[in-house]
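Only the coordinates and a few stated rules stand behind these numbers; no lab work does. From a predicted model like this one, the values you see are computed outputs, not experimental measurements. Cβ sites come from the backbone with ideal geometry, for glycine too, and all protein chains shown count toward neighbours.
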Amino acid sequence: MIKFSSSLPLCASTRVTIIGAGKVGSTLAQRIAEKNLADVVLLDIVAGMPQGIALDLTQARGIEQHDCQIIGTNDYADTANSDVMVITAGIPRKPGMTRDDLMRTNAQIVVEAVQRSIAHSPNAILIIVTNPLDVMTYLAWQASGIPSNRVMGMAGVLDSARFQSFIAMELGVAITDITTTVLGGHGDLMVPLPRYSTVSGVPITEIMEPETIDRLIKRTRNGGAEIVELMRTGSAYFAPASATCLMVESILYNQSRVVPTCAYLQGEYGLNDIYVGVPSRLGCAGVESIVELNLTEAELSALHISAESVRQNVHQAKEMLAAVAKVN
């Protein structure tokens, strides 16, 4: 009789936990495993759901040719010693809702998820995906008690990818030739930068009419809502999962990629004590540095307006949490 060892080699010595097994979380688990980035723990409060998703993904390992372990659980203890924790838990947007409408419910969900997660993985890097993104990232940082460089939000990668897609569709060129940059909050006041958005190195301001650029900027700002209106029963998840996976990969492989990230600012761009989207280098320490672009007065003003909106929402969310704490 031929005997095989019962212990298979892992795809990596790293572990990524995803809190929230909805469409974004489950798709992200698939992305990470199939790219052989890390073992994955998928946690959700719904009994059986993360276990079923994990089993389904596990049964695809032979077809996709990877040996990453995928665990589904309802117990935070199973997430212990994670290198990266991604929080996607929260209610999604419905037609007619803004990201800010989600604030009261999702603030409580994110704070609890972060506190329970970090208790089992005190050295983890946190990536927040739950909306309203910039507010949730700030609350997550405060709830975690860990250095700000180890807490970040996913937004700029997604917003830049949407801008990139719309430019490619407009011009009929290969999307791989296009690079885009979007700063600011993940909402209606985000700041796409045409001067820093190029086609094979040529700024789009030199090859597109201002009216066309303005139209694409408006569509980018409305990118998530457009999908919500079309789907009716859900929101975007393929692109958000891909954007988060890119950030996870840069961290786990210590790539130091410069990507738009919801990061904590301490004087950069003239902003303090706020999480907002800016170009950042991502590596094994989290946010390694903030890249300060040379902005025009108009661009910098737009960034400050966006940041001030985020700041006001942070104050509102903190007041909501304080009121809930008093009741309890």
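For the reader, a short list of remarks on this structure follows.
- Label-zone membership for segment 267-303, site Lys318, 7 angstrom Cα→C-beta point, backbone N under 20 Å: 267-268, 270-277
- Cβ-derived FRET efficiency at R0 41 Å, Leu293 paired with Gln65, nearest 0.05: 0.50
- For Glu211 and Lys35, the FRET efficiency from 1/(1 + (r/R0)^6), where r spans their Cβ atoms and R0 equals 45 Å, is about 0.70.
- Per residue, the average separation of C-alpha pairs within less than 8 Å and at least 6 apart gives the chain a relative contact order of 16 percent.
- Aspartates and glutamates with Cα under 20 Å of Lys326, excluding same-chain neighbours fewer than 8 positions away: Glu112
- Gained length - Val46 relative to Cys284, 0.36 nm times residue gap less alpha-carbon distance: 82.5 nm
- For segment 28-96 and segment 267-328, distance of Cα centres in Å: 29 Å
- Gain in span if fully extended, Ala77 to Ala174, counting 0.36 nm per residue against the direct Cα distance: 30.4 nm
- Under the span-like rule (Cα at least 18 Å along the axis, Kyte-Doolittle mean at least 0.5), DSSP H helices of the chain: 156-171, 238-252
- Volume per residue that the Cα convex hull of the chain spans, once the total is divided by residue count, Å³: 151 Å³
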